[in-house]
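For reference, the structure discussed in these notes is given below.
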Amino acid sequence: MKYVLMFTSDPSQAADVTQEQAQDVYGRIYGWFGEHAAVISDSGAELQPVETATTVRTGGVVVDGPFNEAKEVIGGFSVIEVPDMDAALAVARTWPGLELPGVAVEVRPMVVDYSQFE
């Protein structure tokens, strides 16, 4: 089954993270992708900072920024293919970024069979 791992953070909690801590974790993230290459279906994607976002709202209104109600921002995502949610959670729990405050990995099953919508 395919799952999307969305790597999120709450920027307001990052103030106490030193540059050295951030660099250490970021370096281990590269290793994480190598360690889990067998189950990763894509190459992953890191997103530009939230300040670069543009949002299209209902009615086609375009606004600068994401302006979501959530405190967290999505910093990137990856697709994995594993047998079940337990296996997906096991992979997500090893994300090096979880050592930093305000970081989370949201795990969602992907829709792969669109016949259910017919």
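For this structure, a couple of remarks:
- Within segment 2-40, considering residues that are hydroxyl-bearing (S, T, Y) and not in a strand (DSSP E or B), the one nearest to I74 (Cα to Cα): S12
- For the residues P49, P109, P83, the requirement of being out of contact with any strand residue (DSSP E or B) (no Cβ under 9 Å at 6 or more places or on another chain) and either more than 19 Å from T8 (Cα to Cα) or not hydrophobic (A, V, I, L, M, F, W, C) (or both) singles out P83.
- Hits in segment 72-113 - residues which are of a type in the set (A, V, I, L, M) and in a helix (DSSP H, G or I): M85, A87, A88, L89, A90, V91, A92, L98
- Cβ-Cβ under 6 Å pairs, at least 6 apart or on other chains, segment 35-51 side modelled with pLDDT of 90 or more, far side assigned to a loop (DSSP other than H, G, I, E, B) and surrounded by 11 or more Cβ atoms within 10 Å (Cβ to Cβ): V39/V82
- A residue that is exposed (fewer than 11 other Cβ atoms within 10 Å of the Cβ) and in contact (Cβ under 8 Å) with a residue 24 or more places away in the chain cannot be found anywhere in segment 85-106.
- The set of residues in segment 53-74 that are surrounded by 10 or more Cβ atoms within 10 Å (Cβ to Cβ) and at pLDDT 85 or above comprises V73, I74.
The values are calculated or read from the model by the stated rules, or taken from the named source; none is laboratory data. Note that the structure is a prediction, hence the values are computed from the model and not measured. No Cβ is skipped: glycine too gets one built from the backbone with ideal geometry, and neighbour counts run over all protein chains shown.
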